[in-house]
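Only one structure is covered here, and it is reproduced in the block below.
Just so it is clear, none of the values below were taken in a lab; they were calculated from the coordinates. As the structure is a prediction and not an experimental result, all values here were calculated from the model. For neighbour counting, all protein chains shown are included, and Cβ atoms are generated from backbone atoms with ideal geometry for every residue, glycine included.
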Amino acid sequence: MKTKHLRGMRDIPTIQGIRNRSVPTTREQAMTELTRLEHEKARLERELNIWLANQKKTEDRTRQLQERVNLLQTAMDEISPKKRKLDPGSEQAEKIDDKNGYHEVSLEY
């Protein structure tokens, strides 16, 4: 028999592991294992469907957020050139600030 290189603790053969991989000797054991495996398969399929649904929700949310970012970026691009043309301390710049409800603040990191 070919020796297998052990990579970690999970690869070490144990009594339970060997017993679970062995072929059942009676019909009852075979039916029990078959039923257990069918239940496990159904559980994994349900879990996969839940993951796929969550992935779709996440993709939709990401797409909505990206659309919102693009919309806000467009709005900021339209507002920014108007502000650059005016002096920051001028009366017209203050009116634009009051009209939009915000004041421009510069941050340095």
L72 versus E40: modelled label distance in nm, points set 7 Å from Cα along the beta carbon direction: 4.7
Rounded FRET efficiency, nearest 0.05, which uses the C-beta distance separating M9 from R63 and R0 of 35 Å: 0.25
In order through segment 22-29: 3J(HN,Hα) via Karplus (6.51 cos²θ - 1.76 cosθ + 1.60), integer Hz, x for Gly, Pro: 7, 7, x, 8, 10, 4, 4, 5
